[in-house]
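The values are calculated or read from the model by the stated rules, or taken from the named source; none is laboratory data. A quick note: this is a predicted structure, and the numbers were derived from the prediction, not measured. FYI the Cβ positions are ideal-geometry reconstructions off the backbone, even for glycines, and counts take in every protein chain you see. Quick note on the areas: whole protein, heavy atoms, side chains included, nothing else; ligands and nucleic acids left out. Shrake-Rupley method; radii C 1.70, N 1.55, O 1.52, S 1.80 Å.
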Amino acid sequence: EAAVTQSPRNKVAVTGGKVTLSCNQTNNHNNMYWYRQDTGHGLRLIHYSYGAGSTEKGDIPDGYKASRPSQENFSLILELATPSQTSVYFCASGAGLGASAETLYFGSGTRLTVL
Amino acid sequence: GEQVEQRPPHLSVREGDSAIIICTYTDSATAYFSWYKQEAGAGLQLLMSVLSNVDRKEEQGLTVLLNKKDKRLSLNLTAAHPGDSAVYFCAVSARNNRIFFGDGTQLVVKP
């Protein structure tokens with residue numbers, strides 16, 4: 001069964017620390033995405049990727065880096081975590097089948113708390 | 001860029017009643033429209049999608065209506081039950097494959 005797996009499920013970090021959120025997909029999808037979800041803001045796109053080796057900035061990229069070393073893996077990196085980055089983070093994959101028709105498959109989320 | 005507004009943010013209905021959620025969008029070239037459901041502690045899951053050449057689609061108690069003239073998308077749960085309680089998101093795809101989400105509707109279905 002196709003799946004998007006995120007790790008860890010929960011993470012507590014200290015301000016100024018480095019945090020890496022990992023995502024693995026077995027869908028063989030070209031596109032992968034990182035979103036954060038906060039009350040009152042819905043889903044906001046942080047970074048995305050069209051394939052291995054590519055990363056693109058989304059709507060709120062500041063304070064985040066992304067890495068796509070392979071088709072299956074897409075990481076989100078917080079080099080210097082801040083309390084404002086406390087949120088629930090979702091990874092998603094999509095086939096990106098031309099002409100805008102894309103369905104996203106989401107992981108279960110990572111709850112990050114920065115103290 | 002595309003702006004998506006979703007309403008209402010919170011909706012409470014009785015079991016068996018209809019629940020209607022509406023999204024409006026701004027880009028007339030938007031071509032793909034989806035509704036996702038998010039249950040507590042989980043990621044979003046696709047409920048239904050329509051292309052821009054479809055005005056109405058019904059599946060398993062759900063009806064999606066697309067009014068391109070008014071740039072309005074709606075989801076109607078025709079006979080809601082407690083298992084439908086969740087957060088619902090609309091999503092629209094712009095011409096460059098970017099997907100824009102509404103802010104979500106928290107639906108509570110009371111027995």
> Does B:Ala79 satisfy being more than 28 Å from A:Tyr50 (Cα to Cα) and within 14 Å of chain A (Cβ to nearest Cβ)?
Replying inline: no
> When the residues of the range A:44-78 are filtered to those that are out of contact with any His (no Cβ under 8 Å at 6 or more places or on another chain) and among the charged types (D, E, K, R), which remaining residue is nearest to B:Phe101 (Cα to Cα)?
Replying inline: A:Arg44
>> Any residue in the range A:10-30 that is on the phi > 0 side of the Ramachandran plot sitting within a Cβ distance under 8 Å of a residue that is open to solvent by less than 90 Å² (accessible area, probe 1.4 Å) and outside any loop (DSSP other than H, G, I, E, B)? List the pairs, counting only those 6 or more apart or interchain.
In response: none
>> Contact list please: Cβ distance under 8 Å, first residue in the range B:22-50 and at the interface with chain A (Cβ under 7 Å from one of its Cβ atoms), second residue surrounded by fewer than 16 Cβ atoms within 10 Å (Cβ to Cβ) and aromatic (Phe, Trp, Tyr), pairs at least six apart or on different chains.
In response: none
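Based on this model, can you work out whether A:His29 counts as open to solvent by less than 50 Å² (accessible area, probe 1.4 Å) and assigned to a strand (DSSP E or B)? Before you say what the answer is, go through the steps one by one.
Working: open to solvent by less than 50 Å² (accessible area, probe 1.4 Å): yes; assigned to a strand (DSSP E or B): no.
Against the criterion (open to solvent by less than 50 Å² (accessible area, probe 1.4 Å) and assigned to a strand (DSSP E or B)), A:His29 does not qualify.
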>> Tell me the residue from B:Ser74, B:Ser34 that is assigned to a strand (DSSP E or B), of a type in the set (Gly, Ala, Ser) and open to solvent by 10 Å² or more (accessible area, probe 1.4 Å), please.
In response: B:Ser74
> On the given criteria, is A:Thr113 in a loop (DSSP other than H, G, I, E, B), in contact (Cβ under 8 Å) with a residue 40 or more places away in the chain and open to solvent by 30 Å² or more (accessible area, probe 1.4 Å)?
Replying inline: no
> When the residues of the range B:51-70 are filtered to those that are surrounded by 12 or more Cβ atoms within 10 Å (Cβ to Cβ) and within 13 Å of another protein chain (Cβ to nearest Cβ), which remaining residue is farthest from A:Cys91 (Cα to Cα)?
Replying inline: B:Val54
